[in-house]
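Where a number appears in this text, it was derived from the coordinates with a stated rule and is not lab data. Remember, predicted model here, so these are calculated numbers, not experimental data. Please note: Cβ atoms are built from the backbone with ideal geometry, for glycine as well, and neighbour counts cover all protein chains shown.
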């Protein structure tokens, strides 16, 4: 089992990665805000890697880095040719357009080819359960209906590495159950996934390995049980 | 940087924004025609009727200037802000930033096309026939387009670093509005200022349209060649700039 894992292809390698934001201090000066200071871990093909840490630990910045939205300002991030994408719900939605138009626009922004999203449109209608409302402008939708559409589109995304930020299920109770089940299935499948969460329970249920980050720094990387143990010990101490 | 997928996205996003804008009002896309007509009527009333700037053919002279100027001003002004206002989007998904100004350029180009066709129809009705010089019209339109692309992309690349620039750009456009020969001919200003007047590329471009559409004359090829070449350089420079800061824009917090 261990040997098998060793032979798996490494898709991403992060070594001492740091990244900063610009924050304006006064009229003439901006200061660097290091959201990530020293992050190191590897991602292997087919695994579900959990990234755990408290609020403000740098999880969102790390996701932006992994999704190629920003680049590291120090250290190295080696991508061995894999395409990574962040599962973003309702991205680019425009209120006056129909569900169908928003599905195409949002899908294309996520990186899905136009022909591919058009071919999947029936799946999206079916999964969202929007029926005839699909061709109505989404400003007539309830919040729950928008959530259904957003999830159904984003769920079609199938990159080499899928990055998931916290959210598993969305919408009203019924759809939350359905979307959460689908998402869990996808995470447990052979797909390569990075799941970011502050909940130890979620990571425990869904991830093969875990990385714990605190204050922009990797504290521990390893199998889920061991890392979570250290994380929870730390939480008890620091609240 | 721009794969075929992103070209599809640019087209679809421009279509979506145009449709979205039309859906926001009762008469929708009719506003793209009505809005400039109202705008131009105001100038017609003030300069054509009240001030009686009685030169011959002043109304077509004025309308040509206003129509092509508005295309220029609207695109640059809308485009300058576009990367800044899409910050939320670019923090959730990677998109090459040049997409944003190009979408704005396409949207304003579409609106301009409607108004420009109306202008041509008006001129034909007024008795300005299609002459041989119309062959130069596509070239002139292309040169104005690449000038617009260059300036819009350049402004869009800089404004996220210095949002105050957007206000200065709008004021600069306002000054140029009065200095581009929309209300007067370049030949009517004192000789010693003419050199400076023609440093403004829109002055030569507007004059070019009048040569073609009203007087059946070839526009000043030399001036257009200079404007076209410099604009192409500007496009290359702006593209480089946008590419260089492609991963920096999502990091700027204002």
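Ellipticity at 222 nm from helices only: DSSP H runs of n ≥ 4 in chain A, each -39500 (n - 2.57), divided by the residue count, give -11000 deg cm²/dmol.
May I ask for the angle, rounded to the nearest 10°, between helix B:137-158 and the longest principal axis of chain B, with both axes built from Cα atoms and the value confined to 0 to 90°? Relative to chain B, helix B:137-158 is tipped by roughly 40 degrees. Ranked for footprinting exposure by Cβ neighbours inside 10 Å, fewest first, B:236, B:159, B:104 give B:236, B:159, B:104.
Normalising the average separation of contacting C-alpha pairs (under 8 angstrom, six or more residues apart) by the number of residues puts the relative contact order of chain A at 26 percent.
With an a/c value of 1.5 or above and a/b larger than b/c for the gyration tensor axes a ≥ b ≥ c computed over the alpha-carbon atoms, the range B:167-221 is described as prolate. Here is the size of the range B:35-172 from its Cα atoms: Rg then Dmax, 18.0, 57 Å. Against the empirical 2.2 N^0.38 Å (N residues), the protein assembly as shown has a Cα radius of gyration ratio of 1.20. Taking label points 7 Å from Cα along the Cα-to-Cβ direction, residue B:172 and residue A:121 give a separation of 4.3 nm. When chain B is treated as a GNM with alpha-carbon contacts under 10 Å, the residue of B:190, B:60, B:219 showing the greatest mean-square fluctuation is B:190. Counting beta carbons within 10 Å around each of B:75, B:25, A:218, A:202 and listing the fewest first gives the order B:25, A:202, A:218, B:75.
Give the separation of the Cα centroids, the range A:117-180 to the range A:61-83, in Å. Using only Cα atoms, the two centres lie 27 Å from each other. The range A:220-239 and the range B:30-71 have Cα centres separated by 72 Å. With the convex hull of its Cα atoms as the shape, the range B:4-251 has an orientation-averaged projected area of 15.0 nm². The ranking of B:245, B:222 by Cβ neighbour count inside 10 Å, starting from the fewest, reads B:222, B:245. With q set to 0.14, 0.17, 0.19 Å⁻¹, the log10 of I(q)/I(0) for the range A:138-225, from the Debye formula over equal scatterers at the Cα positions, is -0.57, -0.78, -0.92.
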